[in-house]
Amino acid sequence: MASDNPLVSDVPRYDDAFERVDGLASRIESGVMTFALLAMSMTAFLKIIYEAVIADRNFVDSFLLRWLHGTDSQPPAELLSQVKELYSPIVVIVVLLLIGIGASRTISGQIATSRGDAELPPWKAMDFGLGLAIAAGFVGLGWLVVAVSSQIMCAALYVIALLLFGRRAQRSGDLVPFAVTWVVLSIPIGVLISRIPTQYAWVNDLSKILIMYVGFMGASMASRDRKHIVLNFGRKLWPTGARRSIEALSLLIWLSFNLLLLVLAAHLMQLQISAESELSVLPIPEYHIVFPVVLSFVLMSIRVAADLVRCLTGAVPVASDAKGEEVAA
């Protein structure tokens, strides 16, 4: 039965082969979008660490020089040396220790809450020891980012992400679609990792591609949940006998719009393939930015076409509960 909560979307689901295949495709889309978000954030984080560590004057140096020198003129060489070799390392170490101790105290609070304790336990040497270990971990990460090539770092992060997502997929029972997705994607991702430059200037180019996957895969998933704009005006005033026809007209307009955008995106992708253009830093073809747009409009068009066929044939949806799971009508 439908949920009485107006905030819960009562999305119709159908007991047919397309619904089962579409559900599998939706889980794969969700995994790809989640991985794209994670990859985008992690590579940006690595770039920030890399630039902050190797820069001739990082943001800590700049802050201390503005504070100690106080003018826009070139600071003396002696002050520059003191800031880079003494003051900046002290500030970084103190900040990392404070972050580590705060993180360790948060962990202690979570453990106390899980045990049912009403108050936080008193400070212990273990809190400071764990905070020191966390701070040392940050220092070690900074050393790794500078000392190890970006190919090795990204390959390691990719393997760690696969293990974490694989464990979650095993718990949720989605291990098969997870394995299929990443067996297919590991080859192009492996080729990409092997071709990226040693430093992290390529992160901006990669973000251009990943943000398209996040945005347009999200739009494709929204089409499955019927969250796009449809012809809704006057729906309650329509005669009962005309509702199916008007609904079919709404879906037909939506499908036509999707197909038009698909043709335009495919044409742009074809032009980029013909031009053999590449991204500015990342040595891969530029059409990879448009490919997720084409893919998303293909998926959306298929889903809208399926809904149009169901509407015209009078298919009856299976009732859904608040979690979107099929239940008996």
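Residue count for the range 238-267 under the criterion of being surrounded by 15 or more Cβ atoms within 10 Å (Cβ to Cβ) and of a type in the set (S, T, N, Q): the result is 2.
Of the helices (runs of 4 or more DSSP H) lying entirely inside the range 94-202, those carrying at least 1 residues that are touching a residue at least 60 places away in the same chain (Cβ under 8 Å) and of a type in the set (Phe, Trp, Tyr) are 150-172, 175-195.
Out of Val298, Val294, one residue alone is touching a helix residue (DSSP H, G or I) at 6+ places or on another chain (Cβ under 6 Å) and at pLDDT 85 or above. It is Val294. Against the test of being modelled with pLDDT of 80 or more, closer than 26 Å to Ala155 by Cα, touching an Asp or Glu at 6+ places or on another chain (Cβ under 6 Å) and surrounded by 14 or more Cβ atoms within 10 Å (Cβ to Cβ), the options Met212, Met217, Met221 yield a single qualifying residue, Met217.
For first residues located in the range 11-29 and at pLDDT 80 or above, partners that are in a helix (DSSP H, G or I) and of a type in the set (Ser, Thr, Tyr) and lie 6+ apart or on another chain with Cβ distances below 8 Å form the pairs Ile28/Thr181; Glu29/Ser220.
Of the residues making up the range 258-315, those that are polar (S, T, N, Q) and under 21 Å from Asn204 (Cα atoms) are Gln272, Ser277, Ser280. Count of the range 93-145 residues, restricted to those that are of a type in the set (Lys, Arg) and under 30 Å from Ala52 (Cα atoms), is 1.
Only one entry of Val316, Val309 meets the criterion of being under 22 Å from Arg224 (Cβ atoms), modelled with pLDDT under 85, over 23 Å from the mean Cα position of the chain (by Cα) and surrounded by fewer than 18 Cβ atoms within 10 Å (Cβ to Cβ), and that entry is Val316. Name every residue in the range 187-203 that is within 12 Å of Ala155 (Cβ to Cβ) and touching a Leu at 6+ places or on another chain (Cβ under 7 Å), in order of residue number. Answer for the range 187-203, where residues must be within 12 Å of Ala155 (Cβ to Cβ) and touching a Leu at 6+ places or on another chain (Cβ under 7 Å): just Ile196. May I ask you to say which residue of Lys47, Lys84 is more than 23 Å from Ser207 (Cα to Cα), among the charged types (D, E, K, R) and within 37 Å of the chain's Cα centre (by Cα)? Unique residue meeting the criteria: Lys84.
Restricting attention to the range 33-44, and to residues there that are surrounded by fewer than 18 Cβ atoms within 10 Å (Cβ to Cβ) and either at pLDDT below 80 or closer than 30 Å to Asp225 by Cα (or both), which single residue is nearest to the chain's Cα centre (by Cα)? In this case the residue turns out to be Leu37. Filtering Leu38, Leu80, Leu46 for residues that are within 23 Å of Val183 (Cα to Cα) and assigned to a helix (DSSP H, G or I) leaves a single hit, Leu38. The number of residues in the range 54-66 being assigned to a helix (DSSP H, G or I) and surrounded by 15 or more Cβ atoms within 10 Å (Cβ to Cβ) comes to 4.
Checked against (1) under 29 Å from Pro285 (Cβ atoms); (2) assigned to a loop (DSSP other than H, G, I, E, B), Arg226 passes all but a single condition, namely (1). Taking the criterion of being under 16 Å from Phe59 (Cα atoms) and surrounded by 12 or more Cβ atoms within 10 Å (Cβ to Cβ), the residues of the range 80-115 that qualify are Leu80, Gln82, Val83, Lys84, Tyr87, Ser88, Pro89, Val91, Val92, Ile93, Val95, Leu96.
The values are calculated or read from the model by the stated rules, or taken from the named source; none is laboratory data. It should be emphasised that the depicted structure is a prediction, and the values quoted were computed from it without experimental measurement. Reconstructed Cβ throughout: ideal geometry from the backbone, glycine too, with neighbour counts over all protein chains shown.
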